[in-house]
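Worksheet: the structure to be examined is printed underneath.
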Amino acid sequence: MKIISQQQIRNLNISPAKCVEWVKESFALKEHALLPAKISIHPQGNDFFNTMPCAIPAPHNYFGVKIVHRIKGGVPALGGDILLYDSKDGELLAMLDADWITTMRTGAVATLAIQTFRKGNTESYGIVGLGNTGRATMLCLLESEPDLMHNVCLMRYKNQAELFIERFKDYPNVTFTICDDVKDLIGTSDVIVSCITEADGLLCDDDRMYREGCLVIPVHTRGFQNCDLFFDKVYADDTAHVCGFKYFSKFKQFAEIQEVISGLKPGRESDKERILSYNIGLGLHDVVYASKIYEMCKEYTPDVVMKREIDKFWI
């Protein structure tokens, strides 16, 4: 068994554009993957442990499970690990730190949703929540579209907007402004990406502020329940993730993102449609990322020997 740390993963220098390619590949496998809904346990307050299993069919033959947790006061608050198995014989191949994988695949999925559902003449982007998920989304978007200009409005929070701008100062395909009112940000953005992890109520309770043709991507689902009721179309990475939402039965039109990518269901059909894309995160993406990283690392990562009984034994 290999133990693959976050630093080893970062040392691979996997590009954000490659992360978007891996997400596309993951969605192409979804129809044939064994992908039960994640199990979420809340030991106290808003803390959680999520268990996310997935088996990828032949010729890949990988099974993996990610445990991701968010604990208030923890350092870091959000963390996780992935166990990767050979599904042919059950051998445990690797345990991987999941922090980089979770962050980058989340940003890559948000980027793919933007590229799939934004209107044709999109000019303006708004980002609420400027932590690592917001940064990962920005990295994936800018590096997978180097020839497009992105005008981005950032919602001010402490000094994070200034730090965000400093992080991307060397990218020629983006300009930034900072906004102090979330309603102003929503009202001036063609694409709104929310990466906040907690929200008390709605981010914007005035439905009129959502522009005709806008796309909303609530990465952590919080704060946009009013959009469920009046947006023209709602998409998700998996039906099981949203079928329990309060207003699921009232969605005007619903499909999964891979159904659009594969051409089975329509995506945006008009630049006037308001579209909501819930991308809650699939164990499928985690296992695809983990398997590719394992293949890249396995030749030079030492084995951790786990002595197992191979004969029948009795207790």
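The values are calculated or read from the model by the stated rules, or taken from the named source; none is laboratory data. It should be emphasised that the depicted structure is a prediction, and the values quoted were computed from it without experimental measurement. Every residue, glycine among them, receives a Cβ derived from its backbone with ideal geometry; neighbour counts consider all protein chains shown.
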Query raised in the report: Could you list, in sequence order, the residues of segment 233-247 that are buried (at least 21 other Cβ atoms within 10 Å of the Cβ) and among the charged types (D, E, K, R)?
Result: Lys233, Asp237, Asp238
Query raised in the report: Taking segment 205-221 as the region of interest, how many residues are on the phi > 0 side of the Ramachandran plot and of a type in the set (Val, Ile, Thr)?
Result: 1
Query raised in the report: Inside segment 115-133, can you point out the residues that are touching a helix residue (DSSP H, G or I) at 6+ places or on another chain (Cβ under 7 Å) and closer than 26 Å to Ile9 by Cα?
Result: Leu130, Asn132, Thr133
Query - Residues within segment 73-126 that are small (Gly, Ala, Ser) and either over 26 Å from Pro218 (Cβ atoms) or surrounded by fewer than 19 Cβ atoms within 10 Å (Cβ to Cβ) (or both), tallied - result: 9
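Here's the yes/no breakdown for (1) within 19 Å of the chain's Cα centre (by Cα); (2) surrounded by 22 or more Cβ atoms within 10 Å (Cβ to Cβ):
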| residue | (1), (2) |
| --- | --- |
| Asp206 | no, no |
| Leu215 | yes, yes |
| Pro218 | yes, yes |
| Phe224 | yes, no |
| Gln253 | no, no |
| Glu259 | yes, no |
| Glu273 | no, no |
| Val288 | yes, yes |
| Glu295 | no, no |
Query raised in the report: Counting only residues that are among the β-branched types (Val, Ile, Thr) and either in the same structural domain as His241 (by TED's automatic domain parsing) or more than 25 Å from Thr301 (Cα to Cα) (or both), how many does segment 43-96 have?
Result: 3
Query - Any hit, segment 27-43, residues being buried (at least 17 other Cβ atoms within 10 Å of the Cβ) and closer than 13 Å to Ala290 by Cβ - result: no
Report task. Test Arg70 against the criterion of being touching a residue at least 40 places away in the same chain (Cβ under 8 Å) and closer than 23 Å to Leu142 by Cα, and give yes or no. Result -> no
Report summary line: Restricting segment 5-47 to residues that are of a type in the set (Ser, Thr, Tyr) and modelled with pLDDT of 95 or more, the one nearest to Lys72 (Cα to Cα) turns out to be Ser5
Query raised in the report: In segment 181-204, which residues are surrounded by fewer than 13 Cβ atoms within 10 Å (Cβ to Cβ) and either touching a strand residue (DSSP E or B) at 6+ places or on another chain (Cβ under 8 Å) or in contact (Cβ under 8 Å) with a residue 60 or more places away in the chain (or both)?
Result: Glu198
Requested in this report: Just give me the residues in segment 251-301 being touching a residue at least 12 places away in the same chain (Cβ under 8 Å), out of contact with any helix residue (DSSP H, G or I) (no Cβ under 8 Å at 6 or more places or on another chain) and within 30 Å of Gln8 (Cβ to Cβ), in sequence order.
Outcome: Gly283, Val287, Ser291, Tyr294, Met296, Lys298
Query raised in the report: Within segment 143-206, which strands (runs of 3 or more DSSP E) (wholly inside it) include 3 or more residues that are modelled with pLDDT of 95 or more and more than 27 Å from Ile71 (Cβ to Cβ)?
Result: 150-155, 174-179
